[in-house]
Structures are given as structure tokens and as C-alpha cells.
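J.: Pasting a structure below so you can have a look.
The values are calculated or read from the model by the stated rules, or taken from the named source; none is laboratory data. All values reported here derive from a predicted model rather than from experimental measurement. Methodologically, a virtual Cβ is constructed for each residue, glycine included, from the backbone with ideal geometry; neighbour enumeration extends over all protein chains shown. Quick note on the areas: whole protein, heavy atoms, side chains included, nothing else; ligands and nucleic acids left out. Shrake-Rupley method; radii C 1.70, N 1.55, O 1.52, S 1.80 Å.
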Amino acid sequence: MPTPKKGARLGGSPAHQKLILSNLAIQLIEHRQLVTTEAKAKLLRPYVEKLVTKAKRGDMHARRTVASKIPNKDAVYTLFDVIVPAIDAERTGGYTRLTRVGNRKGDNAPMMQIAFVMERLEKKAVVSSAEKAAAAAAKETPAEVTEVEETEATEATETVETVEEKDAE
């Protein structure tokens, strides 16, 4: 059994907190974005991320598991058949984005917008160059690899000698 959450809960009891998160998840799925308080948004994010991860599996067991968390059939349908296919298949997490939108006028509570990330996942230049280098290294023969390693080792020792000479001055 998991240990209970420490500190204050959103609504008082554990059951009430589950209902709040369930209702917020339904609203987020229906509207694709939601503006709520910072505390609720930060608790809602991992809740929804786990639902999307299960929905990406797409089988009946995953659908029933998600339906036990959010009892709205239309929201379950929307999550499985509309939102998950629209999310980039290469994305392995980070399905939602939190954005601060200022404070609420009445009680000055910090507000955040939580929304689904539908953009394609773009790899950084460093990652793509590293993948190209790894693919090239896999294609090289062992003789070529040793030549490359010897060249790199020679360059490294020359660099170390240059640094030591500068330090001596």
C-alpha cells in the first residue's frame, strides 16, 4: 500500500481529492486546456500523464483502467480516439505543459494553464549528430576504429601537453 500524501490535501479528504482530480482531468480532456490554481495544476499533471501513457497502449485493459479513474465515457473516448493519436508517437512523456498566467483577481491565488502538448517532438542538433556518429561507428570495421582511437589519443595527449606548458609559464 502506498504511503499517504503528507500535508494538506486539496479538499480535505482523500476521496474528495480524487474527485477533484478526476473532474479536472475530464475538463482538460474535453477542452484540451484548463486554467486553475497552481496547486491543482501541479497535482493534475502527473495524474493526466499517467492516463495518457495508459491510453497510448490502446487495449481494452488500458481503456477500463482509465475509465475507472475518469468515469465520463465521452472523455475516455476523446482521450483514446482523438487526443492520443494526435500526440506525437515519439514522445515518451511530457504530454502536458504548465504555464503561469498571473494571479487571480479576487484572492490573489497564483493561476496556471495546463494544456496538452500536440507539437511534434524535435530532436536537438546535438542528439541528431550523436545518433549519426553512433550509426557511422557501427558501420566502421574494427581496423578503422583502432585508427580513429589512436588519432584521438594522440590529439588528446597533445592538448594535455599544451595545457601543461601554459600552466608552467
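J.: Hey, how many Å between the Cα centroid of segment 4-28 and the Cα centroid of segment 45-98?
T.: Answer, in whole Å: 19.
J.: What accessible area per residue, rounded to a whole number of Å², is obtained for segment 12-125 using a probe radius of 1.4 Å?
T.: 60
J.: Further, regarding this structure: Net charge around M111, counting only other residues with Cβ within less than 13 Å of its Cβ (Lys, Arg = +1; Asp, Glu = -1)?
T.: Numbers: positive: K40, K42, R100, R104, K105; negative: E38, D107.
So the environment of M111 carries a net charge of +3.
J.: A further question follows. Considering only protein heavy atoms and a probe of 1.4 Å, how much of the accessible area of segment 33-145 is carbon and sulfur, as a whole percent? Each step should come with its number before you reach the end.
T.: Numbers: 4060 of 7260 Å².
Solvent-exposed carbon and sulfur of segment 33-145 make up 56 percent of the total.
J.: Step through the residues of segment 84-96 one at a time and calculate ³J(HN,Hα) from phi using the Karplus curve (6.51 cos²θ - 1.76 cosθ + 1.60, θ = phi - 60°), rounding each to whole Hz and writing x for Gly and Pro.
T.: Each residue of segment 84-96 in turn: 4, x, 7, 6, 4, 5, 6, 6, 9, x, x, 7, 10 Hz.
J.: Answer rounded, prolate or oblate for segment 55-135, using the Cα gyration tensor with square roots of eigenvalues a ≥ b ≥ c: rounded when a/c is under 1.5, else prolate when a/b is larger than b/c, else oblate.
T.: Working: a/c = 3.31, a/b = 1.18, b/c = 2.81.
Oblate.
J.: With a 10 Å radius around each residue's Cβ, average the other Cβ atoms per peptide and rank 102-111, 41-50, highest first.
T.: By packing density, highest mean first, the sequence is 41-50, 102-111.
J.: Could I ask something else about it? Excluding P14 itself, calculate the net charge of residues whose Cβ lies under 13 Å from the Cβ of P14, where each Lys or Arg counts +1 and each Asp or Glu counts -1. Before the final figure, lay out each step's value.
T.: Working: positive: K5, K6, R9, K18; negative: none.
Around P14, the charge tally is +4.
J.: Go through K6/K50; K42/K132; K5/K73; K56/K132; K50/K139 and tell me which ones have a Cα-Cα distance over 31 Å in this structure. Spell out each step's value before the answer.
T.: Numbers: K6/K50 21 Å; K42/K132 37 Å; K5/K73 29 Å; K56/K132 29 Å; K50/K139 39 Å.
Correct reply: K42/K132; K50/K139.
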